[in-house]
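Chemist: Please see the structure below; I have some questions.
The values are calculated or read from the model by the stated rules, or taken from the named source; none is laboratory data. Note that the structure is a prediction, hence the values are computed from the model and not measured. Ideal geometry is used to build each Cβ from the backbone, glycine not excepted, and the neighbour counts take in all protein chains shown. The protein model used for the area step is the full one, side chains on, heavy atoms only, and it has no ligands, DNA or RNA in it. Shrake-Rupley method; radii C 1.70, N 1.55, O 1.52, S 1.80 Å.
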Amino acid sequence: MDAPLSRSAATTPPATVLAWDLPTRIAKWLLAVLVGLAFASRYCGDGALVWHQWNGLAILVVLVFRVLWGLVGGSTARFSRFLRGPGAVLSYGVAMLRGRPPHFLGHNPAGGWMVIALLGVVGAQALTGLFTTDDIAVYAPLTNVVSDETMARASAWHQQIYPILLLLLGLHVAANLAHSFLGSDNLIAAMITGRKPRGTFADRDPATPGSVARAVGCLVVAIATVFGGIALAGGNPFP
Amino acid sequence: MRLRLAVFAAFASALAATAVMAQSDVIAQREALMKEFGRATRPVGGMLRGGTPFDLAAVQSALDVYARNAKALVPLFPEGSGGGETEALPSIWQKKAEFDGLFDKFAADATAARAAITDEASFKAIFPGVIRTCGTCHDSFRKKS
Ligand code: HEM
Ligand code: HEM
C-alpha cells in the first residue's frame, strides 16, 4: 500500500507523493467521528442533550476550520483547485462510465462537488441545531434570541435535514468504498496516510501542504467565530 | 318545498360550521395548555442543568400546572379532532387508553413530586423522571412537524 519513504537513497524518488496534508486529514476524520457521535448522542440516552450540543458546536468549529482551510490551506484542500465547471464534471462522469476515469491526486471533479454538498448539509444541520428545542427542557444556545415561530421552524428543519444528510453520507461512503476496493485508486488509504502511489495525475502533483502556523490560525479563528458568534448574537455559547 | 329545503340546507351548514369550529376550538385549547407546559418547564430545565439558580416556588408552580393541565387535557382529544391544524397523530385514537393513561400517570407523578420535592437535591433526583413522560408521549403521539 504505502511504501516507506527512503531517505538514504536520494537518487531514487519516493514511491508515494503527498495528496492530503495533516490538517485536512484530521479535519475530515474528526468530522466523520463527530457526525457519528451526533446521531449516537441523540439516540443513546443523553437525556438533556448536553453532549449532543457540545458535539454539535465542535462540528461547527471543524466546518468553519475546513472552509478557512479551503481558502488558505494545502493545495488539494483549496476550493479553487478542486471545484471545476459542469463540463469537467460531465467529462469525468463519461470517462467513469467508460471505465477509464483519469486519476486525480486531490478530489476528482464529481467528488469535489460532493465535498461541498456534504459540508453544506452538515452545516445546515448544525446551524438549525443552534435554534432547536425539544419543546420540553432542552433549549439550544440561540433559542433565546429568536421568536417562538423561528424556533419551531428551525426545530422542524433540524428533524427534516438529517435524513438528507444520511442519504449523502451513504453515497459518500459507498463511492469511496467502491473507488478504493473495486477501482484502482485507494482513496481511503490516501485519506489516512496522506499519500498516494506515484503515478500520472490529471491535477497538479505533488500536493503542497498548508503551513502548521496557518492551520493553528484557522483553528483559533474557527473557535472564536463559533463561540464568539453565539455570544455576540446574545446566546449562551455553553450549553 | 323549496323553502323547507333551504331551511334544511341552512340548518345543515350551520351544524357543519359549528362542528368545524368546535374542532378547531378543541385543538386551540389543547395547544394552549401544552404551550403552558412548555412555558412552565423551560426555566426549570435551566435549573436542572445548573444554568439558573434553584427556585422551589417555580418548581412547585410548574408541578401544579402539570397536574391541573394533564387532567384538563384528557377530554380535549375527542374522536375526530385529528384533522386540520394539529400536530396530534392518528395513533392517539388507535391507542386512546394508552394515551389517556400517560396523562393520568403524568398528573399522578406531578402530584407526588409536589409533595416529595423539598430542596435542590430532591428536585434533581425526582424532577427528570416526571418530565420524561412529556417526551415519551411526544415520541409516539405527536407529529414531527
Ligand atoms: C460519517 C460522516 C462523514 C463525513 C461527515 C465525511 C465528510 C467528508 C468530507 C467533508 C470530505 C472532504 C475532505 C476534504 O476535502 O477536506 C471527505 C472526504 C473523504 N471521506 Fe468522508 N466523511 C464521513 C465518513 C466517511 C467514511 C465512513 C469513509 C470511509 C469509507 C470516508 C472516506 C472518505 C474519503 C476516502 C475521502 C477522500 C475523498 C477523495 O479522495 O476525493 N468518509 N469526507
Ligand atoms: C451536524 C450536526 C448535528 C446532527 C447530525 C444532529 C442530529 C440530530 C438528530 C438526528 C436529532 C433528533 C431529531 C429527531 O428527534 O428526529 C437531533 C435533535 C436535537 N439537536 Fe441536533 N444535530 C446536530 C447539531 C446540533 C447542534 C449544533 C445543536 C445545538 C447546539 C443541536 C441541538 C439539538 C437539539 C436541542 C435536539 C432535540 C430536538 C428534539 O428532540 O426534538 N444539534 N439532532
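Chemist: For segment A:118-132: of the residues being open to solvent by 20 Å² or more (accessible area, probe 1.4 Å) and assigned to a loop (DSSP other than H, G, I, E, B), which is nearest to the other protein chains (Cβ to nearest Cβ)?
Modeler: Step by step, filter segment A:118-132, then rank; the result is A:Thr132.
Chemist: On to the next question. Hey, could you check segment A:18-62 for residues that are under 14 Å from the mean Cα position of the chain (by Cα) and free of Cβ contacts under 8 Å to residues at least 24 places away in the same chain and say which is farthest from ligand 2 (Cβ to nearest atom)?
Modeler: A:Ile26
Chemist: Just checking: which of the helices (runs of 4 or more DSSP H) contained wholly in segment B:40-145 hold 3 or more residues that are of a type in the set (D, E, K, R) and closer than 30 Å to A:Gly235 by Cβ? It would help to see each step written out before you state the result.
Modeler: Working: elements: B:56-73, B:91-94, B:96-116, B:120-141.
Qualifying helices (runs of 4 or more DSSP H): B:120-141.
Table: residues versus (1) under 18 Å from the mean Cα position of the chain (by Cα); (2) surrounded by 17 or more Cβ atoms within 10 Å (Cβ to Cβ); (3) near ligand 2 (Cβ under 8 Å from one of its atoms).
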residue: A:Asp148; (1), (2), (3): no, no, no
residue: A:Ala154; (1), (2), (3): no, yes, no
residue: A:His158; (1), (2), (3): no, yes, yes
residue: A:Ile161; (1), (2), (3): yes, yes, no
residue: A:Leu167; (1), (2), (3): yes, no, no
residue: A:Ala175; (1), (2), (3): yes, no, no
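Chemist: Just the residues that are within 14 Å of chain A (Cβ to nearest Cβ) and open to solvent by less than 20 Å² (accessible area, probe 1.4 Å), please, taken from segment B:111-124. Can you show your working first?
Modeler: Here is the first cut: in segment B:111-124, the ones within 14 Å of chain A (Cβ to nearest Cβ) are B:123-124.
Across segment B:111-124, the qualifying residue is only B:Phe123.
Chemist: Another one. Scanning segment B:33-57 for residues that are without any contact (Cβ under 8 Å) to a residue 24 or more places away in the chain and away from every other protein chain (no Cβ under 13 Å), which turns out farthest from B:Gly84 (Cα to Cα)?
Modeler: Once the filter is applied, the top-ranked residue is B:Pro53.
Chemist: From the list A:Asp205, A:Asp135, which residue is open to solvent by 50 Å² or more (accessible area, probe 1.4 Å), within 14 Å of another protein chain (Cβ to nearest Cβ), touching a residue at least 12 places away in the same chain (Cβ under 8 Å) and assigned to a loop (DSSP other than H, G, I, E, B)? Even if it seems obvious, please write down each step before you answer.
Modeler: Working: A:Asp205 fails: within 14 Å of another protein chain (Cβ to nearest Cβ).
Unique residue meeting the criteria: A:Asp135.
Chemist: Looking only at residues that are open to solvent by 60 Å² or more (accessible area, probe 1.4 Å) and out of contact with any Leu (no Cβ under 7 Å at 6 or more places or on another chain) in segment B:125-145, which one is nearest to B:Ala40 (Cα to Cα)? Break it down stepwise before answering.
Modeler: Residues of segment B:125-145 that are open to solvent by 60 Å² or more (accessible area, probe 1.4 Å), as a first pass: B:125, B:132, B:136, B:139, B:142-145.
After this cut, where a residue has to be out of contact with any Leu (no Cβ under 7 Å at 6 or more places or on another chain) as well, the list is B:125, B:132, B:139, B:144-145.
Working: B:Ala125: 19, B:Arg132: 15, B:Asp139: 20, B:Lys144: 22, B:Ser145: 22 Å.
Going through the qualifying residues, I end up with B:Arg132.
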